[in-house]
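Asker: Below you will find the structure I want to go over with you.
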Amino acid sequence: GCNPLAETGRSKLQNQRAVLNQQILRAVRMRAGAENLLRATTNNKVREQVLLELSFVNSDLQILKEELEGLNISVEVYQNTEETFTIPLVPLGLKETKEVDFTLPLKDFILEHYSEDSSEYEDEIADLMDLRQACRTPSRDEAGIEMLISYFLQLGYVENRFFPPTRHMGVLFTWYDSFTGVPVCQQNLLLEKASIVFNIGALYTQIGTRCNRQTQAGLENAVDAFQRAAGVLSYLKETFTHTPSYDMSPAMLNVLVKMMLAQAQECVFEQIGLPGIRNEFFTLVKMTQEVAKVGEVYMLVNTAMNQEPVKENIPYSWSKLAQIKSDHYKALAHYFLATILCDHELQSGDDEDQQEKALSQVYDYMPEGLMVLTVLKDKLQRKQLGKAHLRKAIVHHEEALRVCGLCKKLRNIDVLQEVLTAAHKRSLLKYAQQETEDDFLSLIQAPDVLPKTEHKIEAIAPQFSKVKVKDFFHRLGPLTVFSAKQRWTAPRTIRIPHGAEGPGFSLKGGSPVQIYCLDPVCAAAKMGLKEGDYIVSVGGVDCKWLGVNEVLEKFKSVGEQPIEFGVIS
């Protein structure tokens with residue numbers, strides 16, 4: 001993990017998030033107390049005073065929620081440090097948690113359940129707590145992802161070793177909702193595991209936004225990171241279906257997955273256009289449909305963000321940014337199409353069948369009275385349809401700028417304003433170049449552009465198994481036997497005197513080995529050995545992980561001494 005005291009822009013944001021979470025917690029407790037008093041009292045004067053207090057608390061909560069939204073749209077901190085002229089991408093902030101002390105509950109459980117000296121496991125417990133602490137400040141790279149995954153996998157071992165299904169361990173896990181700041185507490189590991197998976201997805205989004213979008217490699221990495229983020233969030237939605245935290249509800253995760261895939265699609269378009277867009281007929285047709293696809297996916301994201309129950313808690317600026325991007329990229333699609341119609345007249349050497357086929361795939365329908373081939377051949381019709389597309393592009397650009405102006409948080413992102421203004425000016429300039437006196441006669445309405453992409457964007461499912469971790473509590477024995485859901489007796493010592501006619505039993509199984517075919521009148525049986533007992537030690541040396549041959553070797557190595565071994569039932 002990173003140094004938690006490091007004063008980076010990202011750590012400052014996370015620290016502000018932690019402070020806001022505490023303030024929201026206090027305000028929520030005050031509101032709950034006031035509501036309880038309101039229900040309990042019948043005194044009118046007290047009721048008036050409580051109602052006044054409630055209005056103050058609710059307004060305070062609203063202000064705190066707006067501050068938290070401000071942190072969620074502080075996108076500049078997460079972008080690449082290179083000077084760029086691109087619309088910012090939105091990352092997810094990491095969920096905050098309270099510290100957890102595993103020491104006493106795990107030591108008590110080791111003593112009571114496993115009948116072992118718990119002081120011998122202090123290092124393993126400290127390792128587990130150190131790993132959890134490091135996961136609160138992961139580095140923004142593959143090493144950070146790997147660390148979060150290793151803790152997630154380690155939690156699987158911890159759950160099997162120490163969390164029996166029938167009772168609580170007395171360990172309370174608290175995580176804060178990343179959108180509302182409201183804390184959620186649980187005594188089982190489900191919330192802990194789900195929150196770590198959420199943070200893996202969030203970290204992928206931060207890696208994606210940090211990539212240098214001025215290079216092919218940077219854009220490839222960004223696309224990959226957002227696809228992986230979508231895969232992790234999809235896994236969270238399908239695996240942890242009943243998490244009480246709102247930011248991990250199925251409806252919210254559904255929106256977040258859509259948002260990450262839209263950002264991946266946006267990076268794909270930037271990747272295609274990075275070397276420069278040639279002013280050539282078929283290149284422009286391809287770019288038109290690619291950019292229309294980006295506009296379409298952002299429109300779907302914006303629609304999803306404005307549905308109940310997500311609408312209440314998704315940051316307002318996020319839904320507005322999705323709306324802006326939808327309008328901006330739709331405007332670019334109409335601009336590219338206008339460029340095709342205005343700049344490329346059909347020449348004698350051109351393949352008109354190919355051009356007709358390519359252009360007809362861009363439209364769902366043609367305006368009344370127009371046909372694709374006629375438009376290609378008729379200079380006036382081309383120009384009129386081209387200008388209709390430019391008018392539509394300008395309308396979309398102006399809508400994007402209007403929505404941006406309405407949102408205070410987005411108004412403060414300079415590069416966003418610059419990109420939208422430059423694109424708007426370019427369309428206006430193109431339209432001015434086409435101006436003719438017969439403009440008022442042109443009543444053609446530009447049809448919508450059909451979106452299409454050659455680069456299918458899909459979520460990449462997480463492969464947690466690629467990260468190899470060793471169970472911290474490996475010394476407790478094989479997990480198939482030594483787990484929290486199994487019950488057994490305390491170890492007892494069996495002593496076979498030297499000179500006895502054989503041990504009186506056979507051994508079977510892997511590790512730990514089991515007693516079978518026990519002779520009921522042998523010395524070991526008289527000392528309390530039972531059929532099916534597990535051998536856990538020989539001569540005071542732990543042998544939970546040993547096989548049959550290794551245990552027999554230990555029996556033989558005793559020589560002429562009595563054989564002493566520990567067993568459990």
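The values are calculated or read from the model by the stated rules, or taken from the named source; none is laboratory data. The shown structure was predicted, so the numbers you read here are calculated from the model rather than taken from an experiment. Cβ: placed from backbone, ideal geometry, glycine included. Neighbour counts: every protein chain shown. Just the protein is used for accessible areas: all its heavy atoms, side chains included, with ligands, DNA and RNA removed. Shrake-Rupley method; radii C 1.70, N 1.55, O 1.52, S 1.80 Å.
Asker: Pull up the cross-link candidates among the lysines for Lys387, meaning alpha carbon to alpha carbon under 16 Å and not fewer than 8 places away within one chain.
Answerer: Straight-distance partners of Lys387: Lys330, Lys379, Lys425, Lys430.
Asker: Taking Cα centroids, how far is the range 210-239 from the range 281-354 in Å?
Answerer: 21
Asker: To continue, here is another question. At R0 = 45 Å, how high is the FRET efficiency between Asp353 and Thr86 if r is their beta carbon distance? Nearest 0.05 is fine.
Answerer: Details: r = 38 Å, r/R0 = 0.84.
According to the calculation, E is roughly 0.75.
Asker: Sticking with this structure for a sec: What is the helix-to-structure angle for 548-557, meaning the angle in degrees between its Cα long axis and the longest Cα principal axis of the chain, kept from 0 to 90 and rounded to the nearest 10?
Answerer: Approximately 40 degrees, to the nearest 10.
Asker: Further, regarding this structure: Using a 1.4 angstrom probe on heavy atoms only, work out the carbon and sulfur share of the accessible area of the range 488-568 in %. Write out the running numbers ahead of the final one.
Answerer: On the way: 2320 of 4430 Å².
Carbon-and-sulfur percentage of accessible area, whole number: 52.
Asker: Also, quick follow-up: Mind listing which trypsin sites (Lys or Arg not before Pro) in the range 439-527 are in a DSSP loop and have 11 or fewer other Cβ atoms within 10 Å? Let's see the in-between values first.
Answerer: Numbers: sites: Lys452, Lys456, Lys466, Lys468, Lys470, Arg475, Lys485, Arg487, Arg492, Arg495, Lys508, Lys526; in loops: Lys452, Lys456, Lys468, Lys470, Lys485, Arg487.
The qualifying sites are Lys456, Lys468, Lys470, Lys485, Arg487.
Asker: Starting from the 7 Å offset along Cα-to-Cβ, what nm value, one decimal, do you get for the label separation of Arg26 and Lys530?
Answerer: According to this spin-label approximation, the distance is 5.8 nm.
Asker: Same structure, new question: Which longest run of the chain has no exposed loop site in it, a site being GluC sites (Glu not before Pro) in a DSSP loop with at most 15 other beta carbons within 10 Å, and the site itself not part of the run? Display every interim value, and only then the final one.
Answerer: On the way: sites that count: Glu7, Glu82, Glu83, Glu99, Glu280, Glu345, Glu368, Glu435, Glu454, Glu458, Glu501, Glu531, Glu560.
Excluding the exposed sites themselves, the longest stretch runs over 100-279.
Asker: Using 0.36 nm per residue of separation minus the Cα-Cα distance, give me the extension gain between Gln434 and Asn306 in nm, one decimal.
Answerer: Extra length from Gln434 to Asn306 when fully extended: 42.2 nm.
Asker: Identify all lysines with a Cα-Cα distance to Lys65 below 26 Å; exclude those on the same chain that are fewer than 8 residues away in sequence.
Answerer: Lys12, Lys95, Lys98, Lys193, Lys237, Lys258, Lys311, Lys320, Lys325, Lys408, Lys409
Asker: Continuing with this model, one more query. Excluding Phe240 itself, what net charge comes from residues whose Cβ is under 15 Å from its Cβ, given Lys and Arg +1 and Asp and Glu -1? Numbers along the way, then the final one.
Answerer: On the way: positive: Lys95, Lys193, Lys237; negative: Glu159, Asp177, Glu192, Glu238, Asp247.
In short, -2.
Asker: Quick check on the range 277-456: take the gyration tensor over C-alpha atoms, sort the square-rooted eigenvalues as a ≥ b ≥ c, and tell me if it's rounded (a/c under 1.5), prolate or oblate.
Answerer: Details: a/c = 2.26, a/b = 1.76, b/c = 1.29.
In terms of gyration-tensor shape, prolate.
Asker: May I ask you to derive the relative contact order of the chain, considering only C-alpha pairs under 8 Å and at least 6 residues apart, and to give it as an integer percent? Could the numbers behind the result be given before it?
Answerer: Working: 850 pairs, mean separation 75.7, N = 569.
Relative CO of the chain lands at 13 percent.
Asker: Could you order peptides 383-389, 181-187 by the average number of other Cβ atoms within 10 Å of their residues, highest first?
Answerer: Numbers: 383-389: 23.3, 181-187: 17.9.
Packing order, densest peptide first, comes out as 383-389, 181-187.
Asker: Nearest 10 degrees, 0 to 90: what angle lies between the long axis of helix 216-239 and the longest principal axis of the chain (Cα atoms)?
Answerer: 60
Asker: What is the range 488-568 by shape, rounded, prolate or oblate, if you read a ≥ b ≥ c off the alpha carbon gyration tensor as root eigenvalues and call it rounded for a/c under 1.5, prolate for a/b larger than b/c, and oblate otherwise?
Answerer: Working: a/c = 1.37, a/b = 1.10, b/c = 1.25.
Judged from the Cα gyration tensor, the range 488-568 comes out rounded (a/c under 1.5).
Asker: Here's something else I'd like to know. Please list, in chain and number order, the residues 5+ apart from Val538 or on another chain whose amide H is under 5 Å from its amide H, with Hs placed from the backbone.
Answerer: Close amide H contacts, sequence-distant or interchain: Cys543, Gly566.
Asker: I'd like the distance separating the alpha-carbon centroids of the range 86-106 and the range 534-566, in whole Å.
Answerer: Each part's Cα centre sits 46 Å from the other's.
Asker: Considering only protein heavy atoms, what per residue accessible area in square angstrom results for the range 380-430 with a 1.4 angstrom probe?
Answerer: Values: 2290 Å² over 51 residues.
With the other protein chains kept in place, the range 380-430 gives 45 Å² per residue.
Asker: Under the definition of Cα pairs under 8 Å and six or more residues apart, what whole-number percent is the relative contact order of the range 488-568? It would help to have the intermediate numbers written out before the result.
Answerer: Working: 150 pairs, mean separation 32.5, N = 81.
It comes to 40 percent, rounded to a whole number.
Asker: With r as the distance between the Cβ atoms of Arg411 and Gln187 and R0 = 60 Å, compute the FRET efficiency 1/(1 + (r/R0)^6) and round to 0.05. Present the calculation step by step, with values, prior to reporting the outcome.
Answerer: Working: r = 45 Å, r/R0 = 0.75.
Result of the calculation: an efficiency of 0.85.
Asker: Another question, if that's okay. Mind checking the angle between helix 44-72 and the chain's longest principal axis? C-alpha axes, 0 to 90 degrees, to the nearest 10.
Answerer: Roughly 80 degrees between the two axes.
Asker: Another question, then. I'd like the FRET efficiency for Ser55 and Glu398, computed as 1/(1 + (r/R0)^6) with the beta carbon distance as r and R0 of 41 Å, rounded to 0.05. Don't skip to the end; give the middle numbers.
Answerer: Working: r = 40 Å, r/R0 = 0.96.
Using R0 = 41 Å, I get an efficiency of 0.55.
Asker: Using just the helices of the chain, give the 222 nm mean residue ellipticity in deg cm²/dmol: DSSP H runs with n ≥ 4 each add -39,500 (n - 2.57), and the total is spread over all residues, rounded to 500.
Answerer: Working: 17 runs with 311 residues, N = 569.
Dividing the helical sum by the residues of the chain leaves -18500 deg cm²/dmol.
Asker: Moving on to the next point. What percentage of the solvent-accessible surface of the range 277-456, computed with a 1.4 Å probe over protein heavy atoms, is contributed by carbon and sulfur atoms? Display every interim value, and only then the final one.
Answerer: On the way: 4480 of 8830 Å².
C and S fraction of accessible area: 51 percent.
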